[in-house]
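One structure below.
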Amino acid sequence: MRTRQTIEHQSVRRYRWLAGVGAICFGLSSAVGGLPAQANVDILDLILHGIRIVQIANLSDQQEVELGQQVNQQIRQSVQIYDHVGINQYVDEIGQRLALGTDRAQIPYTFQVVADDQINAFATLGGYVYVHTGLLKAADNEAQLASVLAHEIGHVDRRHALQQMQQAAIAEGLLTAGGIDQSDAITLGVELALHRPNSRAHELEADEAGLSLLTQAGYAPIAAVDFLQKLLDHPQTTPEFLSTHPHPEARIQALNEQLDPTTARHGGGLDKAAYRDRMQALF
């Protein structure tokens, strides 16, 4: 993975190059001022041929999926994917069941298990969701695992990764008037997914969306609170999760305010024995 210094150095060179191109384009534009606007655009296209610029704010769902595919390829080189077929199928079944309730029907969700004992889960552009084996073992039941997957789906559904990418690109000087270089966008996408914490606002939004997905899929919504409370009660065992998913107290409070206490335990997925049976390869 390239370092931030490398990205910044390349971005400075790219900016200077684009500035030179801009001057050339201005001169050409003046010289052919009698030509229609489309002709000027074609000249610019010819000069910039081969450069891939991503306009983060204007990405369509399909473009987000395509960018997410490339980010996913890089993430898979940085983590170890757990190759147990049964476990992966089980996680995918839960995830696809939850994804049926999303607002962005054009996003094809992909759920992958990472072989890592740290308790964590994360998502990136285009519907790619990852969950650590450590989290699978930490969950007491299917509904608790589903609550985590629903939360990550919520991040995708609300386009949080794109918003984070745009903010980070601006902060690091990678965003020009035209957008961000595609290679920088991919590197930034990996960095955001693996190492950057979500904001308080994004966590609360993802919880709200996730709770709705959890309920629609027929799971007991109390599982979302139960799992967060479990992690909060044992912070020494969950440093990575709490660093990338901050503000657990505020999240628990907000979730409790959204739950109806008379129906919070209504729904499926609370059978601990059934869950351990499906996850027995991990125990």
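For the reader, a short list of remarks on this structure follows.
- Within the range 162-187, if we keep just the residues that are free of Cβ contacts under 8 Å to residues at least 40 places away in the same chain and under 18 Å from Val129 (Cα atoms), the residue that is surrounded by the fewest Cβ atoms within 10 Å (Cβ to Cβ) turns out to be Gln163.
- In the range 225-273, of all residues being small (Gly, Ala, Ser), under 26 Å from the mean Cα position of the chain (by Cα) and assigned to a helix (DSSP H, G or I), the one that is surrounded by the most Cβ atoms within 10 Å (Cβ to Cβ) corresponds to Ala254.
- Of the residues in the range 205-213, none is among the aliphatic types (A, V, I, L, M) and surrounded by fewer than 20 Cβ atoms within 10 Å (Cβ to Cβ).
Only the coordinates and a few stated rules stand behind these numbers; no lab work does. Every value quoted in this text rests on a predicted model; they were computed, and no experiment measured them. Cβ: placed from backbone, ideal geometry, glycine included. Neighbour counts: every protein chain shown.
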